[in-house]
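Working notes, structure below.
Values in this text are rule-based calculations from the coordinates and carry no lab data. No experiment lies behind these values; they were computed from the predicted model shown. Here the Cβ positions follow ideal geometry from the backbone for every residue, glycine too, while neighbour counts run over all protein chains shown.
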Amino acid sequence: MKDLFKIANKKFKSRLIVGTGKYKSFSECAKAIKYSGAEIVTVAVRRVNIVDKKKPLLMDYIDPKKITYLPNTAGCFTSEDALRTLRLAREIGGWKLVKLEVLGDKKNLFPDMIETLRSTEILTKEGFEVMVYCSDDPLMAKRLEDSGAVAIMPLAAPIGSGLGIQNYTNIKIIRNQTKLPVIIDAGIGQASDAAIAMELGCDGVLINTAIAKAKKPFEMAEAMKFAVIAGRKSFISGRISKTLNGSPSTTNKGII
Amino acid sequence: MKKTKKIKIILNGKSRSLQKVTSVYDLIRSLKLSTDKVAIELNKEIINKKTIKNLYLKNKDKIEIVHFIGGG
């Protein structure tokens, strides 16, 4: 049975998206991506190093022809900066599918939803396909959908916190109210968090820190891969209902 | 402006002198960068990489050259 992950008419087999930040080296990052099975990776846009011309380049380690680059506006605190970043990203090589993230709070890295909403509208008008990092507020998620977002990416918990999903109810409400893919972005700490996100009905999970900063990043990348697959299969298989009392797994018929 | 005159530009936030008439393409080449891995902004406007061979830098131009790095 084919259960493909669809974003803006593009199809993927893996429902795990991984970030490429915080690794010790590009080669470690590339190897972790391989273990994770991810087909989409987030990347950031920064100034080139004009002093050290021999500095390695991300594109030499992760081939954008094989892995889908998802330019992200990490570190942008205004709509203006986010728009500038994504316009530049598009210019590098024609990337239209992008991840928007406009932060509003330096301590917790919560998104500024007013700026995010404004940026989504502008980018959509400019022909971008915008996947949007957002708070777990169902009303805001709805507004983003109306503004043309191609994916809703609510946080599970603050970026890099590893706290896991904090608000099951809101995530479920967001999932149930939208036709768009819902991808948990930020806050995953361990494999079970990713499995729970998928069991709540989310379409995908984005993970960076939990893999990059694990003691064994390759093992954790693989654990996340299996967790996402297990959680998804569990969700689509239709779980049994919860009962208060026990029910024997073995028939009493023919008991001796 | 005479062609021989030395000009100063701001490249990625740092001042830089250019000894001769330089196109944006020449600059990218001298930095050993590949045009298909970068995006260029000249005085806050993104420029089409197809036009950079005939785009010459002027005194006080502000140029930003960016690429992809690892990020979440």
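Filtering segment B:14-36 to residues that are surrounded by fewer than 18 Cβ atoms within 10 Å (Cβ to Cβ), touching a residue at least 24 places away in the same chain (Cβ under 8 Å) and either among the acidic types (Asp, Glu) or within 13 Å of chain A (Cβ to nearest Cβ) (or both) leaves only B:Leu31. No other residue among A:Lys233, A:Lys215 is farther than 17 Å from A:Ala157 by Cβ and not in a helix (DSSP H, G or I) apart from A:Lys215.
Can you name every residue in segment B:18-66 that is closer than 20 Å to A:Asp81 by Cα and either among the acidic types (Asp, Glu) or in a loop (DSSP other than H, G, I, E, B) (or both)? Once the filter is applied, which keeps residues that are closer than 20 Å to A:Asp81 by Cα and either among the acidic types (Asp, Glu) or in a loop (DSSP other than H, G, I, E, B) (or both), segment B:18-66 yields B:Val38, B:Glu41, B:Asn43, B:Lys44, B:Glu45, B:Ile47, B:Asn48, B:Glu64.
Condition (residue is more than 7 Å from chain B (Cβ to nearest Cβ) and either buried (at least 21 other Cβ atoms within 10 Å of the Cβ) or among the basic types (Lys, Arg) (or both)) applied to segment A:43-50: is it met by at least one residue? So far as segment A:43-50 goes, no, none of its residues is more than 7 Å from chain B (Cβ to nearest Cβ) and either buried (at least 21 other Cβ atoms within 10 Å of the Cβ) or among the basic types (Lys, Arg) (or both).
Residues in segment A:113-165 that are farther than 23 Å from A:Glu80 by Cβ, in contact with a strand residue (DSSP E or B) (Cβ under 9 Å, 6 or more places away or on another chain) and assigned to a loop (DSSP other than H, G, I, E, B): 4 in all.
Report yes if A:Ala89 is buried (at least 22 other Cβ atoms within 10 Å of the Cβ), at the interface with chain B (Cβ under 10 Å from one of its Cβ atoms) and over 28 Å from A:Asp137 (Cα atoms), otherwise no. In short, yes.
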